[in-house]
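J.: First the structure, then my questions, so here it is.
The values are calculated or read from the model by the stated rules, or taken from the named source; none is laboratory data. A quick note: this is a predicted structure, and the numbers were derived from the prediction, not measured. Positions of Cβ are generated from backbone atoms using ideal geometry, with glycine treated the same way; all protein chains shown enter the neighbour counts. Remember, those area values only see protein heavy atoms, side chains included, never the ligands or the DNA or RNA. Shrake-Rupley method; radii C 1.70, N 1.55, O 1.52, S 1.80 Å.
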Amino acid sequence: MNYKNMFVEALFIQLQGTLEKTVLENMIEKPKYENMGDWAFPCFELAKVYRESPQTIADKLKQNLELPALFEKAETVGGYLNVFLHKSDVSTYIINKILSEKSNYGSSNTGHNKVITIDFSSPNIAKPFSMGHLRSTVIGNALANIAEKSGYTTVKINHLGDWGTQFGKLIVAYKKWGDEKKVKEKPIKELLKLYIQFHEEAEQYEDLNNEGREWFKKLEEGNEEALSLWQWFREESLKEFAKVYDLLGVKFDSYNGEAFYNDKMDHVIQLLEEKNLLQVSEGARIVEVSNDMPPCLIKKKDGTTLYATRDLAAAIYRQDTYQFAKALYVVGHEQSLHFKQLFSVLEKMGCTWHKGLAHVPFGMILKDGKKMSTRKGKVVLLEEVLQDAIKLAEKNISEKNPTLAGKDEVARQIGTGAVIFHDLKNYRLNDIEFSLEDMLRFEGETGPYVQYTHARASSILRKGNFQQTDEVMQLDDDQAWTIITTLVEFPNVLKRALNDYDPSQIAKYTLDLAKSFNKYYGSVRILEEHEQKQARLALVYSVQTVLQEALRLLGIQAPDEM
Ligand code: ARG
C-alpha cells in the first residue's frame, strides 16, 4: 500500500494520460508545511500544455479528481493542488495493521520460490579480520535479512580466501622463523607477524619471493608437508573468525572458499577451450573480454590458477547447485574490474544466468585518508574494536542502570550495535574515515540511540500494562501524524533498500522513526488517563515493533531495557 502511488493513479486517470505515471511521480512534492497537506502537485508544466494559468488548472483538477479512499480532501494554492490524507482513518488503519501483523509488517513475497546467493565477508585466511571485511560482513548480512523478509530463499556464502600465493610465502616464513607454540596460542597475530616479516625480508632478499612461489606450487601439486601446514593455518584462522561472527551474530550457509574449487577448475578451462575463448599470451592463458577492459587472466605462465579462475568455477558451481535467480558479491569497489571481467567471461561462455549476477561494491575504510594495508601491518583488528565497544557499553550500564538484568548480554548487543550501525548508516559507496571515538559514540545518530528509543517504548508499554486485544483501536491524534506517515513508509523503504542493495536506507529510517517518536514522547503524556490512552499505547507498540524489526534487519538486537 502506497498512498503516493494512489494519488499518482488518480491524477493519471484524471489527466487521461497527458503525462506518464513516472513523470507524475517525480513531479509530486512534499509540501513545506504539514498543514498544507501530505502531497502537492505543481501545475506549472500543465499550464504550458493547456495554455491556462497554473491556478486554473489546479482548481479544475480539484473539482474533478476522484480522491482515493483514506484521502480526506484537496485544496489549491498558488498553482499547486494539495491533497490531504484522512489522518484519523489512516492512523487507525496502520496501527491496527501493525497490531495484527506484528513483526511480519513489511514482509512480502516478491522473492517467492527464488534463490539469492550472497557472497560476503570472505576474509583471507592467516590474515586478521580487518575493518574492511567488517563492511562486507554487515552489509551482506543485512541484505540477506532484507531479501528473506521479501520472500527470497537466501544462501549465505563465505568465500574464504584460503588459497593463493600468500600461502607459499607463509609456509616459507613459518619454516624459517615460526614457532608452533606461539601460533597455537595466538594464531592470527603470529601468522600476521610472519607474513609481515616475510615482506620486510623479501625487500632485501629477492630470492625469498621465488621460494614462496615454489612452495605455493608444491601446495597446488599436493605436497604433504605444504598441505598439512595449510590445513592447520586454515583451522586456526577459522576459529578466530568464529569469535567475530559469534559476537556479531552472523551465520553462513557455506564456508566454501577458494580452495573448494581446486578440483573444479579443469572443467572450467575445458569449457573455455570448447568455446574457443582461451588464448595464449606471453605463456599465460587469457580470455579477451571487451575493448574497454584488459583481458581476464585464467592461468599463469607457471600453470598455477588465479582468483578469477576460482570465481568462474564458483559462479558455475553456485548456479548448478542453487539455481539462483540472483547472485550478489558484496566486495569492496577496488575489485570492480575483476567482477566486470568475471561477468563478461560468463556471458561469453553463453551462461544466460549471467544477468542475475551483481557486484555490490562499497567504499573503503580509511585511516588518515589512506587505505590500511595488511602487508605493512597497518590494520585495525575488528575483534579489538568490538571488545572496546562492548566495554564502553558495560561502563555506561554500570553508571546508569547498575541493577539491569542480563547486563553482559545487553552490553554485547549495544556495543556491537554501535559498530554495525556506524557502518550501515553510511551510503555503502562512500569511503569511511576510521574513528574509534565516532564508532563508540552513543549519542546523536547512532545505533544505541535507536536501541535506547526502542527500550523507552518497551518501558512505556510495561508501565501502561499494554495488552493486545482483538478490539480495533481508533487513533485520532494529530500530534502522532509524523509517526504515522513514517510507519506507513516502512514497506516502501524495505523495497527500495533491496532494490538498491542499500541497507543505509533502513538505518536512516530507524533514525527518522526514533526522532519522531521521541518528539511525540516529549509533548504527549502517553500514560496519562485519557480516552485515547489505549490507542496511544497501540501507537507505541507499533513504533516498538517496527524499530525492533528494522534493527533486526540490520543485524542489530534491541534489548527491552538498557
Ligand atoms: N577474499 C577476498 C578479499 O578479501 C574477497 C572475496 C570476495 N568474493 C569473491 N567471490 N571474489 O579481497
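J.: When L272 is evaluated against the numbered criteria (1) within 16 Å of the ligand (Cβ to nearest atom); (2) under 21 Å from L342 (Cβ atoms), which criterion, by number, is the only one it fails?
T.: Exception for L272: condition (1).
Here is a yes/no grid of residues against (1) surrounded by 19 or more Cβ atoms within 10 Å (Cβ to Cβ); (2) under 21 Å from L306 (Cα atoms); (3) modelled with pLDDT of 95 or more; (4) not charged (D, E, K, R):
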{"residue": "K193", "(1), (2), (3), (4)": "no, no, no, no"}
{"residue": "I196", "(1), (2), (3), (4)": "no, no, no, yes"}
{"residue": "A226", "(1), (2), (3), (4)": "yes, yes, yes, yes"}
{"residue": "K243", "(1), (2), (3), (4)": "no, no, no, no"}
{"residue": "V250", "(1), (2), (3), (4)": "yes, no, yes, yes"}
{"residue": "F260", "(1), (2), (3), (4)": "no, yes, yes, yes"}
{"residue": "Q279", "(1), (2), (3), (4)": "no, yes, no, yes"}
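J.: Of all residues in the range 332-358 being free of Cβ contacts under 8 Å to residues at least 12 places away in the same chain and of a type outside the set (K, R), which is farthest from the ligand (Cβ to nearest atom)?
T.: We begin by selecting, within the range 332-358, every residue free of Cβ contacts under 8 Å to residues at least 12 places away in the same chain; these are 347, 352, 354-355.
Remaining after also requiring of a type outside the set (K, R): 347, 352, 354.
On the way: E347: 17, T352: 20, H354: 15 Å.
Looking at residues that are free of Cβ contacts under 8 Å to residues at least 12 places away in the same chain and of a type outside the set (K, R), I get T352.
J.: I would also like to ask the following. Taking the range 492-529 on its own, how many of its residues are closer than 29 Å to L143 by Cβ and assigned to a helix (DSSP H, G or I)?
T.: First pass over the range 492-529, keeping only residues closer than 29 Å to L143 by Cβ: 492-518.
Filter once more, so that each one left must be assigned to a helix (DSSP H, G or I): 492-499, 504-518.
The total comes to 23.
J.: With respect to L513, is the statement that it is under 18 Å from H454 (Cα atoms) and touching a His at 6+ places or on another chain (Cβ under 8 Å) true?
T.: Values: under 18 Å from H454 (Cα atoms): yes; touching a His at 6+ places or on another chain (Cβ under 8 Å): no.
In short, no.
J.: If I filter the range 17-36 down to residues being of a type in the set (V, I, T) and not in a helix (DSSP H, G or I), which single residue comes out as farthest from F7 (Cα to Cα)?
T.: T18
J.: Among the listed residues F216, F198, which satisfies the condition of being in contact with a Lys or Arg (Cβ under 6 Å, 6 or more places away or on another chain), farther than 30 Å from I506 by Cα and either assigned to a helix (DSSP H, G or I) or touching a residue at least 24 places away in the same chain (Cβ under 8 Å) (or both)?
T.: Values: F216 fails: in contact with a Lys or Arg (Cβ under 6 Å, 6 or more places away or on another chain).
Result of the check over F216, F198: F198.
J.: Filter the range 61-106 for residues that are touching a residue at least 40 places away in the same chain (Cβ under 8 Å) and among the basic types (K, R); which is surrounded by the fewest Cβ atoms within 10 Å (Cβ to Cβ)?
T.: Ranking the qualifying residues of the range 61-106, first place goes to K102.
Listed here are the residues, each with its yes/no results for (1) open to solvent by 20 Å² or more (accessible area, probe 1.4 Å); (2) assigned to a loop (DSSP other than H, G, I, E, B).
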residue: S108; (1), (2): yes, yes
residue: S121; (1), (2): no, yes
residue: S136; (1), (2): no, no
residue: I139; (1), (2): no, no
residue: W163; (1), (2): no, yes
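J.: Now, a different point. Pick from the range 151-194 the residues that are away from the ligand (no atom under 14 Å from the Cβ) and of a type in the set (S, T, Y): which of them is farthest from W230 (Cα to Cα)?
T.: So the first thing to find is which residues in the range 151-194 are away from the ligand (no atom under 14 Å from the Cβ), and the list is 151-154, 168-194.
Narrowing further to those that are of a type in the set (S, T, Y): 152-154, 174.
Details: Y152: 36, T153: 34, T154: 30, Y174: 11 Å.
Restricting to residues being away from the ligand (no atom under 14 Å from the Cβ) and of a type in the set (S, T, Y), the top hit is Y152.
J.: Confirm whether P31 is touching a Gly at 6+ places or on another chain (Cβ under 6 Å), at pLDDT 95 or above and not aliphatic (A, V, I, L, M).
T.: Values: touching a Gly at 6+ places or on another chain (Cβ under 6 Å): yes; at pLDDT 95 or above: no; not aliphatic (A, V, I, L, M): yes.
Here the answer is no, as P31 does not meet what is asked.
J.: Go through D512, D476 for me and flag whichever is over 30 Å from the mean Cα position of the chain (by Cα) and open to solvent by 10 Å² or more (accessible area, probe 1.4 Å). Break it down stepwise before answering.
T.: Details: D512 fails: over 30 Å from the mean Cα position of the chain (by Cα).
Result of the check over D512, D476: D476.
J.: Please state which one of Y307, Y322, Y329, Y317 is within 14 Å of the ligand (Cβ to nearest atom), surrounded by fewer than 20 Cβ atoms within 10 Å (Cβ to Cβ), hydroxyl-bearing (S, T, Y) and modelled with pLDDT of 95 or more.
T.: Values: Y307 fails: modelled with pLDDT of 95 or more; Y322 fails: within 14 Å of the ligand (Cβ to nearest atom); Y329 fails: surrounded by fewer than 20 Cβ atoms within 10 Å (Cβ to Cβ).
When all the criteria are applied, what remains is Y317.
J.: Here is a check on your reading of the model: is G140 among the small types (G, A, S), more than 17 Å from the chain's Cα centre (by Cα) and closer than 24 Å to L312 by Cβ? Lay out the reasoning, then the answer.
T.: Details: among the small types (G, A, S): yes; more than 17 Å from the chain's Cα centre (by Cα): no; closer than 24 Å to L312 by Cβ: yes.
Against the criterion (among the small types (G, A, S), more than 17 Å from the chain's Cα centre (by Cα) and closer than 24 Å to L312 by Cβ), G140 does not qualify.
J.: Take A284 and tell me if it is within 16 Å of the ligand (Cβ to nearest atom) and either buried (at least 22 other Cβ atoms within 10 Å of the Cβ) or not aromatic (F, W, Y) (or both).
T.: Numbers: within 16 Å of the ligand (Cβ to nearest atom): no; either buried (at least 22 other Cβ atoms within 10 Å of the Cβ) or not aromatic (F, W, Y) (or both): yes.
No, not satisfied.
J.: Report yes if some residue within the range 291-300 is more than 24 Å from L143 (Cβ to Cβ), open to solvent by 10 Å² or more (accessible area, probe 1.4 Å), touching a residue at least 40 places away in the same chain (Cβ under 8 Å) and within 12 Å of the ligand (Cβ to nearest atom); otherwise report no.
T.: The answer is no; no qualifying residue exists.
J.: Also: Please enumerate the residues belonging to the range 284-337 that are assigned to a loop (DSSP other than H, G, I, E, B) and touching a Pro at 6+ places or on another chain (Cβ under 8 Å). Reasoning before the result, please.
T.: To start, the set of residues in the range 284-337 that are assigned to a loop (DSSP other than H, G, I, E, B) comprises 288-295, 300-304, 306, 323-325, 331-332.
Selection gives E288, V289, V331, G332.
J.: Taking G212, is it touching a helix residue (DSSP H, G or I) at 6+ places or on another chain (Cβ under 8 Å), surrounded by 15 or more Cβ atoms within 10 Å (Cβ to Cβ) and modelled with pLDDT of 90 or more? Reasoning before the result, please.
T.: Details: touching a helix residue (DSSP H, G or I) at 6+ places or on another chain (Cβ under 8 Å): yes; surrounded by 15 or more Cβ atoms within 10 Å (Cβ to Cβ): yes; modelled with pLDDT of 90 or more: yes.
Yes, satisfied.
For (1) touching a helix residue (DSSP H, G or I) at 6+ places or on another chain (Cβ under 7 Å); (2) under 30 Å from A411 (Cα atoms), each residue gets a yes or a no:
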{"position": "L191", "(1), (2)": "yes, no"}
{"position": "E203", "(1), (2)": "no, no"}
{"position": "E206", "(1), (2)": "no, no"}
{"position": "N223", "(1), (2)": "no, no"}
{"position": "S228", "(1), (2)": "no, no"}
{"position": "E235", "(1), (2)": "no, yes"}
{"position": "K243", "(1), (2)": "yes, yes"}
{"position": "S254", "(1), (2)": "no, yes"}
{"position": "Y261", "(1), (2)": "yes, no"}
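J.: With (1) surrounded by fewer than 18 Cβ atoms within 10 Å (Cβ to Cβ); (2) part of a strand (DSSP E or B); (3) in contact (Cβ under 8 Å) with a residue 24 or more places away in the chain as the list, and F41 as the residue in question, which single condition is left unmet?
T.: Result: F41 fails condition (1) only.
J.: For the range 382-397, check the following and say yes or no: at least one residue is over 29 Å from V287 (Cα atoms), within 16 Å of the ligand (Cβ to nearest atom), under 24 Å from the mean Cα position of the chain (by Cα) and open to solvent by less than 40 Å² (accessible area, probe 1.4 Å).
T.: The answer is yes, given that some residue of the range 382-397 is over 29 Å from V287 (Cα atoms), within 16 Å of the ligand (Cβ to nearest atom), under 24 Å from the mean Cα position of the chain (by Cα) and open to solvent by less than 40 Å² (accessible area, probe 1.4 Å).
J.: What number goes with the only condition from (1) free of Cβ contacts under 8 Å to residues at least 40 places away in the same chain; (2) open to solvent by 10 Å² or more (accessible area, probe 1.4 Å); (3) part of a helix (DSSP H, G or I) that A418 does not pass?
T.: Looking at each condition in turn, A418 falls short on (2).
J.: Being within 13 Å of the ligand (Cβ to nearest atom), among the hydrophobic types (A, V, I, L, M, F, W, C) and not in a strand (DSSP E or B) narrows it down to one of A126, A144, so name that one. Spell out the reasoning first.
T.: On the way: A144 fails: within 13 Å of the ligand (Cβ to nearest atom).
Sole residue among the options that is within 13 Å of the ligand (Cβ to nearest atom), among the hydrophobic types (A, V, I, L, M, F, W, C) and not in a strand (DSSP E or B): A126.
J.: Scan the range 411-459 residue by residue and report those that are at pLDDT below 95, polar (S, T, N, Q) and farther than 18 Å from I506 by Cα.
T.: Correct list: S435 only.
J.: Scan the range 8-26 residue by residue and report those that are without any contact (Cβ under 8 Å) to a residue 12 or more places away in the chain and farther than 14 Å from K60 by Cβ. Steps first, please.
T.: Just the residues of the range 8-26 that are without any contact (Cβ under 8 Å) to a residue 12 or more places away in the chain, to begin with: 16-17, 20, 22-23, 26.
Hits for the range 8-26 are G17, E20, T22, V23, N26.
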